[in-house]
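Q: This is the structure I have questions about; it appears just below.
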Amino acid sequence: MRILDIGSSSSYVPLQLARQGHQVVAVDIRPYPLRHRNLTYISGDVTDASFGEGLSPFDVVTCISTLEHIGLGYYGEKMARQGDEMAVATLHRLLKPGGSLLLTLPFAGKFSQDDFQRVYDFENINRLFSVGWRLKEERFHIPRSRKNWVIANKQQVLQCYAVYPESNNACFWFEKLR
């Protein structure tokens with residue numbers, strides 16, 4: 001399986017996938033220090049319209065705790081207010097029809113954004129993934145403490161927002177439709 005991992009620099013996910021026999025392309029604007037025969041690193045910015053030209057389509061894209069930072073400039077990338085929208089369009093272009101996007105990001109009952117990250121809500125997820133995607137599964141997690149997270153439903157995520165908004169987490173599995 002061909003897998004594209006976005007925001008790889010601090011992650012062991014690409015290496016673990018490569019060790020399992022998948023052909024992995026790890027992408028980040030920062031260097032990726034780990035090596036494996038099934039792992040290729042590309043320094044790049046997924047907000048660039050030409051990113052990925054010449055790459056064969058991927059079966060799966062993973063974007064773990066990354067989309068919320070894209071385009072905000074915190075990690076030295078260019079500022080792009082709609083960086084998340086640009087990135088989602090690029091990921092859609094690079095996936096095969098029927099391919100999967102596995103995505104995690106901060107999530108709450110109300111959208112917010114600062115210089116570091118966006119915290120998404122249902123409205124913004126629907127806006128980003130309304131065209132060309134089908135939601136296959138969603139999971140939510142809320143903290144009970146800094147080290148103790150529990151699976152939550154949508155209502156619990158909304159209730160938890162006022163207490164600890166930056167730490168709620170959503171995991172989405174989207175399928176590319178066309």
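Q: Here are some residues: GLY76, GLY52, GLY99. Which one is in contact with a Pro (Cβ under 9 Å, 6 or more places away or on another chain), touching a residue at least 24 places away in the same chain (Cβ under 8 Å) and not in a helix (DSSP H, G or I)?
A: The unique qualifying residue is GLY99.
Q: Continuing with the same structure: Could you look through region 26-49, keep only residues that are assigned to a loop (DSSP other than H, G, I, E, B) and of a type in the set (Ser, Thr, Tyr), and pick out the one that is nearest to TYR12 (Cα to Cα)? Before you say what the answer is, go through the steps one by one.
A: We begin by selecting, within region 26-49, every residue assigned to a loop (DSSP other than H, G, I, E, B); these are 29-38, 44-49.
Of the ones still in play, those that are also of a type in the set (Ser, Thr, Tyr) are 32, 47.
Values: TYR32: 10, THR47: 23 Å.
Step by step, filter region 26-49, then rank; the result is TYR32.
Q: Sticking with this one: Is region 147-156 home to any residue that is assigned to a strand (DSSP E or B), within 18 Å of the chain's Cα centre (by Cα) and surrounded by 15 or more Cβ atoms within 10 Å (Cβ to Cβ)?
A: no
Q: Next question, about the same structure. Answer yes if at least one residue in region 131-144 is within 15 Å of the chain's Cα centre (by Cα), buried (at least 16 other Cβ atoms within 10 Å of the Cβ) and under 29 Å from GLY76 (Cα atoms), and no otherwise.
A: no
Q: Given the criterion under 18 Å from GLY71 (Cβ atoms) and in a strand (DSSP E or B), identify the matching residue among LEU105, LEU135.
A: On the way: LEU135 fails: under 18 Å from GLY71 (Cβ atoms).
On inspection, the qualifying residue turns out to be LEU105.
Q: Out of all the residues in region 12-25, which are closer than 12 Å to TYR41 by Cβ and in a loop (DSSP other than H, G, I, E, B)?
A: Pass one, region 12-25, residues closer than 12 Å to TYR41 by Cβ: 14-15, 18, 24-25.
None - no residue of region 12-25 is closer than 12 Å to TYR41 by Cβ and in a loop (DSSP other than H, G, I, E, B), so the list stays empty.
Q: So, PHE116, is that one over 18 Å from VAL157 (Cα atoms) and either touching a residue at least 60 places away in the same chain (Cβ under 8 Å) or surrounded by fewer than 17 Cβ atoms within 10 Å (Cβ to Cβ) (or both) or not?
A: So PHE116 passes the test.
Q: Are any of the residues in region 95-104 of a type outside the set (A, V, I, L, M, F, W, C), at pLDDT below 95 and either out of contact with any Cys (no Cβ under 8 Å at 6 or more places or on another chain) or crowded, with 19+ Cβ neighbours inside 10 Å (or both)?
A: Looking through region 95-104, none of the residues is of a type outside the set (A, V, I, L, M, F, W, C), at pLDDT below 95 and either out of contact with any Cys (no Cβ under 8 Å at 6 or more places or on another chain) or crowded, with 19+ Cβ neighbours inside 10 Å (or both).
The values are calculated or read from the model by the stated rules, or taken from the named source; none is laboratory data. All values derive from a computational prediction rather than experimental measurement. Don't worry about glycine lacking a Cβ; one is built from the backbone with ideal geometry, like all the others, and counts go over all protein chains shown.
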